[in-house]
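The values are calculated or read from the model by the stated rules, or taken from the named source; none is laboratory data. It should be emphasised that the depicted structure is a prediction, and the values quoted were computed from it without experimental measurement. Please note: Cβ atoms are built from the backbone with ideal geometry, for glycine as well, and neighbour counts cover all protein chains shown.
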Amino acid sequence: MPKPNELSPSVRRTAIVGSGVAGLTAGILLKQAGQEVTVFEKSRGPGGRLAAKRVPGGSADIGAQYFTARNPAFLPFLRQYAGEGCFDVWQARLGFRAESGQWGQFPEESRYVGCPRMTAITRALSGHVTVVSETRVERFERHGNRWLLYDTQNSSLGAFDQIILTAPPAQSQDLLAASGLAQEAESLDDQVKAMLPCWAVVAHFEKAPWTDHDGMRVEDSVLYWVANNSSKPGRQDDGQWWVLHANPQWSQEQVDASPEDVASQVLSAFRELIGYVDEPDTVLAHRWLYARSEDAERPGHLWFPDHRIGLAGDWLSGGRVEGAFNSACSLIDALIDER
Ligand SMILES: Cc1cc2nc3c(=O)[nH]c(=O)nc-3n(C[C@H](O)[C@H](O)[C@H](O)COP(=O)(O)OP(=O)(O)OC[C@H]3O[C@@H](n4cnc5c(N)ncnc54)[C@H](O)[C@@H]3O)c2cc1C
């Protein structure tokens, strides 16, 4: 990890777009390297796709379900900046159900979750950097050696020496295009196409609808993943909250369907999968337009040195929570090596 003042002394102020795992990791590492960092986030709170929805009596993780820590630097980083108490191992009984109906095992590996919800991690990380929330960066403009950032009201958000974009590829592409960087925007075409949507449905059951597994990856015409959110550590729910993710192809076909219609179809598929008959008492649906990326080139990060604009995010390094961390580390390492 970078040591203070290892970055060029002429580069002092960095703007980061997005407060997901990639944006917060990049912000913390840059601060550690002696930089002034401001993170802009369009949503109310930090987290991005590490997301939790408030539900009666608690919350349910509607985005990332768990994360791995194969990079030996990831857990020490989380312990140092998020704290031991806000994540834990999910001792889940996980199963894989093939199209044929055959059940298989998940590979043995530690899987971690935020406690009491996924966003506990990003909330804690965000305490180490300045985050300006509910502020969508619309475009940036070059003034001499600096970039001026503007929001959707065309109000200036300040002047910066360099910019790091951590939004999903379609949103990063829009930002580059709106800032007159057409060629750089075009270079993201493949990654934009590789990003697929996901409908997430959250349902509350009084009685456990299924007891054999806590989470299931399924090959199904509608479903992709179903999990008992209440089985994760630190949740204290009455009854059980289940999170059901539709598969990317079905989500794409239903991208403009109403949440009610989607919830009803996803629940029917769930019932068919597990043979459960009772109705849930509360159901919510959320659409992720940019959920996960399919196989695309994974360069780790992108850096446009002439503009001093970098891009980091899961889609540049493995498509998962840990990939977002790895991508931010890869970009900041490159900035340090550049010196
Ligand atoms: C349904 C679903 C299930 C998943 N399951 C798993 C899983 O089980 N395990 C796993 O490891 N990963 C999973 N993932 C993927 C994981 O959530 C992501 O890989 C990771 O959270 C991405 O982090 P990021 O920082 O790269 O991007 P994001 O989390 O997307 O952060 C980008 C941020 O940029 C903000 N933003 C965008 N445009 C602007 C703008 N113009 N101005 C200001 N802010 C802006 C967004 O609001 C967002 O907060 C899942 C994702 C989804 C959606």
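For this structure, a couple of remarks:
- Qualifying residues in the stretch 164-204 (those that are within 11 Å of the ligand (Cβ to nearest atom) and surrounded by fewer than 18 Cβ atoms within 10 Å (Cβ to Cβ)) - the one farthest from Ile28 (Cα to Cα): Ala178
- Val321 touching a Leu at 6+ places or on another chain (Cβ under 9 Å) and surrounded by fewer than 22 Cβ atoms within 10 Å (Cβ to Cβ): no
- For the stretch 291-339, a tally of residues being more than 15 Å from Asn71 (Cβ to Cβ) and not hydroxyl-bearing (Ser, Thr, Tyr) returns 25.
- Residue in the stretch 79-86 that is among the aromatic types (Phe, Trp, Tyr), crowded, with 16+ Cβ neighbours inside 10 Å, outside any loop (DSSP other than H, G, I, E, B) and free of Cβ contacts under 8 Å to residues at least 24 places away in the same chain present: no
- Number of residues in the stretch 318-337 that are within 11 Å of the ligand (Cβ to nearest atom) and without any contact (Cβ under 8 Å) to a residue 40 or more places away in the chain: the value is 3.
- Checked against the criterion of being crowded, with 17+ Cβ neighbours inside 10 Å, under 30 Å from Asp161 (Cα atoms) and modelled with pLDDT of 95 or more, the stretch 273-294 has at least one qualifying residue.
- The stretch 99-141 holds strands (runs of 3 or more DSSP E) entirely within its bounds, and those carrying 1 or more residues that are within 11 Å of the ligand (Cβ to nearest atom) and either hydrophobic (A, V, I, L, M, F, W, C) or surrounded by 13 or more Cβ atoms within 10 Å (Cβ to Cβ) (or both) map to 112-114, 130-132.
For every residue, the table says whether it meets (1) at pLDDT below 95; (2) of a type in the set (A, V, I, L, M).
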site: Leu24; (1), (2): no, yes
site: Lys42; (1), (2): no, no
site: Gly47; (1), (2): no, no
site: Pro56; (1), (2): yes, no
site: Ala64; (1), (2): no, yes
site: Phe67; (1), (2): no, no
site: Ala73; (1), (2): no, yes
site: Pro76; (1), (2): no, no
